[in-house]
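For reference, the structure is listed below as structure tokens.
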Amino acid sequence: MNKSLFINFHSGAAFINSCSILDSLKQSNPHTQYFMLTSASNEELSKVINHIEGFFFLDQAEIRNCWNTPIFNKNIAINLFINKIKTLLNIKWYEVINVSNNNFAAYLASAFDAENYIGTFIDDKHHVQYTDKYFELTNEVIIPKNIPAPLAERLGKSFGLPMNNMSFNRIEKFDKITSEKFKKIKENSNSGKLIGIDIISIVKNLGNKAAYSVIEKLDDTGEVFLISDQSQNSISVINELHQESGRVFKSITCNVITFASVARYLTAFYASDGVFASIASNSNVQTFYISDTYNIKLIQSLGPNSCIITTSELFSTENNRIELAATHNISLGFNYSRICADNIELHNADFILSLESHNAENNNCNLIREKINLGLEKNYLATTVRHTLGALRSLRTDIKTPTNANNFVEYIGNLFEVADSSSLASTVTTIFKSRIENNTFDDVAENITYIESQLFELKNNLKLIAIYLENAITIKALSQDAGV
Amino acid sequence: MSSTIIIETSKTGLSIPKVNGVYLHSTLDPIKEAEAFARTQITRTEKTNAILILGLGFAYHVDELMKQLRATNRHCNIKVIEPNKGLVQAYLDNINASPNFQIISDNDIVRLYQETEFINFLKLKPVIISHNNSFNANKTFFSTMLSYRASLQMQDFVDKVDDLNFRSYLIEQSTQIDSLHQLIDHVASARDINRNDKLLLAFSQIIGSTARSGEASQ
């Protein structure tokens, strides 16, 4: 039986979402035993994670505190660190899977002895290595820019596995009680729809007034339940809502394990962020993240079966969006159709991932076509190609002459600016920028060869975007001619 | 730590130690004195359940503090540091029973800060309460203990690293490099790195930039 070490140092919803691959992994490799190394702060959340033979918790905060406490001898922090992972260091792993992708996890994952490494690692030559482009594009080790793509979906694509619904650990006794209670509620309900609201996250992000409006808006859609944890603060927030509204809402207090039971009976779940939303979305419950803006962090935290709905959309009087949302089946994947049309950055990551799979004409790319200014993008692309070719030309000639060296630096600088821009070319240029900034070759000749190879790769990626844009322009022109 | 310990009796009939000519409790009424001590100190204990008392004497102050804590239904983890082993023995002989708190009687400060149990207790961030008479009787010890700063020189701590493999690695490095932050800097810029280097760099990521600032502050 193979032993795999799953390293997951994400926290909160990202921890749950990045564990969502475990069901697919276990299904594909039924004879593999999975062990998890994670933060001590995830100990409570880990109780719902299935398919793990053993958890190992590292308390980074405690280690840091020990190190920074002047009276503590320095070996104490070192012992806290090494002793926790000692058992894992002595195992010959079949594979080490690092889904966390920060510098700490990349170094740590690379220190384990394994036949295979999946994710982001640091090799013996001190170079960052990735098993595929999804990890490269979306890691935090060398990519400074946040990529707006949901973590769970990225992992699914990276492993080439379908994202199955997660089978959370639940308590049998509580499962039974929940089943009986919800059966009765459903029988007595007119709509048969049971709607959960993580009211605490909504109050935290949008305030009491908006939270109350959300409840009111959803009230006619089905049986509404306020879901909260058992903390005193949450109880106070709900009591405050009761007092302010003059109503008493149905509420359920849960911890993560009991919520895994509750989530199974919900038709839809509304939240602003948090682990409850993550558990709901991974339990095949349509989950709506209510936010006043679209932000990258929120997009990254989206689980399957989930989408963002803005407060302006939610409270729109033009049509009943809630009704639409509650019945509309959001498919798995980077489906941003309900997300703000003007924000092109939302689509970038998806676009480049589609390019990588040579599937530029998929639905998501069609979506992009509708949203962007094709003419502007074409001009922008032409400029980026010019900088790329210019940099290549400078390299091919004598780079040591001051003029060529200056030109080269200028072209590279221009490309780095593209990486920070908001255009279709920015994602591929971001990859280029990150690789150049993080290459560790000391030798000049090695360095030049490496940069040249990266410039060629960038050139090829830009060519793919060019082909896509040409097709898009043709399709758009034909559509206009046909009066579509 | 040699000292002369004489046990005398207070006006109220309680045993009180006199160390090197100094009474550690009131010669009139040790309990009344302890009650006043506990009343002034108990407010300082409100945010923690861990209390470190500097100085044992004959523990009237400790007993009274515990009594007042119990009255408010609080159960605190109390440890008392007393470097004078003779005094500790005299106290134990006097009460003829086990105390309801733990006495730490180690006058080696470096060793004290190596004890896992004491370290784990300190992680609870205990409130430190000083019994003034006892503190003054052992001023050098307590002042040194409170101002103790762990050594940053690798040679001073690498031999106490539990893991044999990582200990050997650090010992080997410590022959050439003085401090851990220098080693981290060296490895972070190295072209070839091994398994232990990776572990060290992972560790450096946990302790973060404070690796330097923590050392600089000392």
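The values are calculated or read from the model by the stated rules, or taken from the named source; none is laboratory data. Because the structure is predicted, anything quoted here is derived from the model rather than measured. Positions of Cβ are generated from backbone atoms using ideal geometry, with glycine treated the same way; all protein chains shown enter the neighbour counts.
Checking B:Asp197 against (1) of a type in the set (Asp, Glu); (2) modelled with pLDDT of 95 or more; (3) touching a strand residue (DSSP E or B) at 6+ places or on another chain (Cβ under 8 Å), which test does it fail?
Here B:Asp197 clears every test but (3).
Pull up the stretch A:74-108, narrow it to residues that are touching a residue at least 60 places away in the same chain (Cβ under 8 Å) and among the hydroxyl-bearing types (Ser, Thr, Tyr), then point me to the one that is nearest to the other protein chains (Cβ to nearest Cβ).
My answer is A:Ser100.
Report the residue count in the stretch B:156-190 for those that are closer than 19 Å to B:Asp108 by Cβ and either surrounded by 14 or more Cβ atoms within 10 Å (Cβ to Cβ) or more than 9 Å from chain A (Cβ to nearest Cβ) (or both). Step through it out loud before you land on a result.
Filtering the stretch B:156-190 for residues closer than 19 Å to B:Asp108 by Cβ gives B:156-157, B:159-160.
So of that shortlist, the ones also either surrounded by 14 or more Cβ atoms within 10 Å (Cβ to Cβ) or more than 9 Å from chain A (Cβ to nearest Cβ) (or both) come out as B:156-157, B:160.
Residues flagged as closer than 19 Å to B:Asp108 by Cβ and either surrounded by 14 or more Cβ atoms within 10 Å (Cβ to Cβ) or more than 9 Å from chain A (Cβ to nearest Cβ) (or both) within the stretch B:156-190 amount to 3.
Looking at the stretch A:249-261, can you tell me whether even one residue there is at pLDDT below 90, out of contact with any helix residue (DSSP H, G or I) (no Cβ under 8 Å at 6 or more places or on another chain) and either surrounded by fewer than 21 Cβ atoms within 10 Å (Cβ to Cβ) or more than 18 Å from A:Thr178 (Cβ to Cβ) (or both)?
no
Could you please tell me which pairs satisfy a Cβ distance under 9 Å, a separation of 6+ or placement on different chains, a first residue in the stretch A:58-73 that is more than 7 Å from chain B (Cβ to nearest Cβ) and of a type in the set (Gly, Ala, Ser), and a second residue that is surrounded by 17 or more Cβ atoms within 10 Å (Cβ to Cβ) and not in a helix (DSSP H, G or I)?
Close Cβ pairs (under 9 Å, with a partner that is surrounded by 17 or more Cβ atoms within 10 Å (Cβ to Cβ) and not in a helix (DSSP H, G or I)) amount to A:Ala61/A:Ser39.
Any chance you could count how many residues in the stretch B:103-131 are under 27 Å from B:Ala36 (Cβ atoms) and free of Cβ contacts under 8 Å to residues at least 60 places away in the same chain?
Result for the stretch B:103-131: 3.
What about A:Val224, is it of a type outside the set (D, E, K, R), at pLDDT 80 or above, more than 30 Å from A:Ser100 (Cα to Cα) and surrounded by 22 or more Cβ atoms within 10 Å (Cβ to Cβ)?
Against the criterion (of a type outside the set (D, E, K, R), at pLDDT 80 or above, more than 30 Å from A:Ser100 (Cα to Cα) and surrounded by 22 or more Cβ atoms within 10 Å (Cβ to Cβ)), A:Val224 qualifies.
Here are A:Ile431, A:Ile412: which of them is closer than 29 Å to B:Ala188 by Cβ and modelled with pLDDT of 85 or more?
When all the criteria are applied, what remains is A:Ile412.
Under 6 Å between Cβ atoms, at least 6 apart or on separate chains: pull out the pairs that start in the stretch B:139-156 with a residue that is in contact (Cβ under 8 Å) with a residue 60 or more places away in the chain and end on any residue that is assigned to a loop (DSSP other than H, G, I, E, B).
That search, which allows pairs on different chains as well, returns B:Phe141/B:Pro83; B:Arg149/A:Pro70; B:Arg149/B:Gln218.
Being at pLDDT below 95, closer than 30 Å to B:Leu180 by Cβ and among the small types (Gly, Ala, Ser) is the requirement here; does B:Ala137 meet it?
For B:Ala137, the condition - at pLDDT below 95, closer than 30 Å to B:Leu180 by Cβ and among the small types (Gly, Ala, Ser) - is not met.
Could you list, in sequence order, all residues of the stretch B:123-170 that are part of a helix (DSSP H, G or I), touching a Leu at 6+ places or on another chain (Cβ under 6 Å), closer than 30 Å to B:Ser2 by Cα and hydrophobic (A, V, I, L, M, F, W, C)?
B:Phe135, B:Phe142
Among the residues of the stretch B:73-102 satisfying the criterion of being free of Cβ contacts under 8 Å to residues at least 12 places away in the same chain and over 22 Å from the mean Cα position of the chain (by Cα), which is nearest to B:Leu56 (Cα to Cα)?
B:Asp93
Kindly indicate whether B:Leu24 is more than 25 Å from B:Thr144 (Cα to Cα), buried (at least 20 other Cβ atoms within 10 Å of the Cβ) and within 21 Å of the chain's Cα centre (by Cα).
Criteria not met by B:Leu24.
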